[in-house]
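The values are calculated or read from the model by the stated rules, or taken from the named source; none is laboratory data. All figures in this text were calculated on a predicted structure; none of them were measured in a lab. No Cβ is skipped: glycine too gets one built from the backbone with ideal geometry, and neighbour counts run over all protein chains shown. Surface accessibility is based on the protein's heavy atoms, side chains included, excluding ligands, DNA and RNA. Shrake-Rupley method; radii C 1.70, N 1.55, O 1.52, S 1.80 Å.
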Amino acid sequence: MTRTKTVVEQQQLLPLVEHLARVGRRAFETSIPPDGLRPRHLIALKLLSEHGPASQQGLADALSLDPSNVVGLLNELEERELVTRRRDRSDRRRHIVELSPRGEDELHLAYAQLNLVENDLLSDLSAEERRTLYDLLARAIGVISSPCDPADDPPPSPG
């Protein structure tokens, strides 16, 4: 009984992070049109906005998604003209993904809406506490380091 109580009394972060993410996702998704950008779209567009064009494989790695799932995600974004894909000139097997001007505009609009949701959701935290929370979460998921290989890097050499 003591061992179980000790485990339960520990501060576990993942359930809190998951709950906050679920509440935030629900609030954001109810605040946008039904065909608006979803969190997975935002993350992909944000990576491209911050780091420039990337290989499709690099984007898959940065998003921690299976490459086949990234193809579906990019198909959705390309259909909406938010990204462009082209073959890499140095390696025709690689695809380079780039944020389009329309994608940049949509990203800014979505982030303005996301700010409103975050302000409501995190209203009990000071600006400094929000910065600290952001820094800790970013460090925990490794976003601070370069998340995807730049498009102009040559592909890794085999073996």
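Scan Leu82, Leu74 and give me the residue that is open to solvent by less than 70 Å² (accessible area, probe 1.4 Å) and in contact (Cβ under 8 Å) with a residue 40 or more places away in the chain. Break it down into steps so the answer makes sense when it comes.
Working: Leu74 fails: in contact (Cβ under 8 Å) with a residue 40 or more places away in the chain.
Going through Leu82, Leu74 in turn, just one is open to solvent by less than 70 Å² (accessible area, probe 1.4 Å) and in contact (Cβ under 8 Å) with a residue 40 or more places away in the chain: Leu82.
For segment 105-124, the set of residues classified as open to solvent by 60 Å² or more (accessible area, probe 1.4 Å) and either hydrophobic (A, V, I, L, M, F, W, C) or in contact with a strand residue (DSSP E or B) (Cβ under 6 Å, 6 or more places away or on another chain) (or both) consists of Leu109, Leu116, Leu121, listed by residue number. Right, Ala54: farther than 17 Å from Asn115 by Cβ, buried (at least 17 other Cβ atoms within 10 Å of the Cβ) and free of Cβ contacts under 8 Å to residues at least 24 places away in the same chain or not? Considered against the rule, which asks whether it is farther than 17 Å from Asn115 by Cβ, buried (at least 17 other Cβ atoms within 10 Å of the Cβ) and free of Cβ contacts under 8 Å to residues at least 24 places away in the same chain, Ala54 comes out as no. For segment 129-155, taking the residues that are β-branched (Val, Ile, Thr) and in a loop (DSSP other than H, G, I, E, B), the one that is modelled with the highest pLDDT is identified as Val143. State yes or no: is Ser68 under 16 Å from Ser100 (Cβ atoms) and surrounded by fewer than 19 Cβ atoms within 10 Å (Cβ to Cβ)? Considered against the rule, which asks whether it is under 16 Å from Ser100 (Cβ atoms) and surrounded by fewer than 19 Cβ atoms within 10 Å (Cβ to Cβ), Ser68 comes out as no.
Among the listed residues Arg92, Arg131, Arg102, Arg87, which satisfies the condition of being surrounded by 12 or more Cβ atoms within 10 Å (Cβ to Cβ) and basic (Lys, Arg)? Quick ask: steps written out before the conclusion?
On the way: Arg92 fails: surrounded by 12 or more Cβ atoms within 10 Å (Cβ to Cβ); Arg131 fails: surrounded by 12 or more Cβ atoms within 10 Å (Cβ to Cβ); Arg87 fails: surrounded by 12 or more Cβ atoms within 10 Å (Cβ to Cβ).
So the residue among Arg92, Arg131, Arg102, Arg87 that is surrounded by 12 or more Cβ atoms within 10 Å (Cβ to Cβ) and basic (Lys, Arg) is Arg102.
Do you know which residues across segment 115-136 are among the hydrophobic types (A, V, I, L, M, F, W, C) and free of Cβ contacts under 8 Å to residues at least 60 places away in the same chain? Please lay out each step first, then the result.
If we filter segment 115-136 for residues that are among the hydrophobic types (A, V, I, L, M, F, W, C), which is where we start, we get 116-117, 121-122, 125, 127, 133, 136.
Result: Leu122, Leu125, Ala127, Leu133, Leu136.
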